[in-house]
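The values are calculated or read from the model by the stated rules, or taken from the named source; none is laboratory data. Quick caveat, the model's predicted, so the values are computed rather than measured. Here the Cβ positions follow ideal geometry from the backbone for every residue, glycine too, while neighbour counts run over all protein chains shown.
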Amino acid sequence: MPAGDAAQERLIPVHHMRPGDHAFVGYDDDEIRWEVLTAFTRLGLARGERVIVFPHPGLREEEVLARLDFPHRTTAAARVEGQLVLSSMRRLISPDPAFTADRQWSRLREETAQAVADGYTGLRTFIDMHWVPELGADVHTMMHRESNADDLFKGRPYSEICAYDRRWFTPEVLAAMAEAHPRNLLERLGALHTERAPDGALCLVGEADTATKQLFLTTLELALAQSAGAGRLVLDLNRLHFLSVGCATGLLTLVQDANGHHRVDVRCGPVQHKLLQRLGAASISRLTLSEVARPC
């Protein structure tokens with residue numbers, strides 16, 4: 001897999017969402033749901049995008065705003081200025097009473113164009129999929145929309161998170177929708193996930209910090225032990241949102257002590273690359289750093 005191949009980078013932290021991304025996230029805890037929504041909203045506002053939130057239909061606007069504003073009223077001005085909008089699927093497709101994919105696509109294209117015309121850099125939406133039972137919509141019609149929405153994102157400054165409550169949707173629907181979305185999000189902020197790329201690279205996704213340091217180091221130790229026979233390991237840190245000094249130092253120590261390896265390749269972003277260099281990566285002869293710039 002070429003470093004940074006978006007087609008292979010399905011799982012990402014919410015912080016890596018970019019214009020053109022269509023992402024799936026599941027949840028089965030109402031408190032966890034707020035983590036991704038709040039981060040997605042605040043990042044969009046900071047990047048100069050308009051943000052439209054389609055919350056669970058059963059929630060009052062006051063509760064949604066209070067959650068987004070906690071612990072500081074960081075979204076109040078955006079709400080007044082129209083950069084942050086709370087809406088509903090019923091309101092979006094109005095005056096049409098029933099949901100159709102064509103109607104929703106048309107309205108979201110209009111909202112994207114309007115956001116740009118109003119001076120914003122683009123549009124991002126968070127859609128809680130409980131709108132499906134609230135509107136009495138057919139689940140298969142919704143699934144068709146989700147599986148055929150590429151044109152909504154291609155060449156447009158639009159991104160979207162579709163949040164599915166695993167307590168309501170069936171496992172079959174959830175599996176199909178996770179596969180239909182080009183992006184899947186880590187459900188919790190601060191989580192660390194590992195997976196293998198098609199080329200065998202060990203990919204770390206999420207955050208490597210104090211809370212996940214032991215998992216981070218244990219995962220690397222195991223990977224180095226398993227690859228000792230081949231003498232080479234490829235690590236991909238490109239989907240880490242955060243790499244702490246402690247974790248970076250631990251990585252370098254493990255590579256330095258990996259005498260059974262003639263080469264360890266690390267793919268990383270510009271910030272991680274600079275951190276590893278400052279901590280002495282150049283002094284480890286078996287270590288090769290490859291800087292990968294993420295799209296803006």
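Return yes when LEU233 is aliphatic (A, V, I, L, M), within 18 Å of ALA201 (Cβ to Cβ) and within 24 Å of the chain's Cα centre (by Cα) and no when it is not.
When the stated conditions are applied, LEU233 does not pass them.
When you look at LEU43, is it assigned by TED's automatic domain parsing to the domain that holds ARG166, closer than 19 Å to ASP150 by Cα and among the aliphatic types (A, V, I, L, M), yes or no?
no
Looking only at residues that are in a loop (DSSP other than H, G, I, E, B), in contact (Cβ under 8 Å) with a residue 40 or more places away in the chain and surrounded by 14 or more Cβ atoms within 10 Å (Cβ to Cβ) in region 53-83, which one is farthest from the chain's Cα centre (by Cα)?
PRO57
Restricting attention to helices (runs of 4 or more DSSP H) lying wholly within region 158-256, give those where 2 or more residues are outside the structural domain of ARG267 (by TED's automatic domain parsing).
171-180
Could you list, in sequence order, all residues of region 105-146 that are in a loop (DSSP other than H, G, I, E, B), closer than 15 Å to PHE54 by Cβ and in contact with a helix residue (DSSP H, G or I) (Cβ under 9 Å, 6 or more places away or on another chain)?
MET129, ALA137
Checking TYR164 against (1) under 24 Å from the mean Cα position of the chain (by Cα); (2) among the hydroxyl-bearing types (Ser, Thr, Tyr); (3) over 15 Å from PRO57 (Cβ atoms), only one condition comes out false. Which one?
(3)
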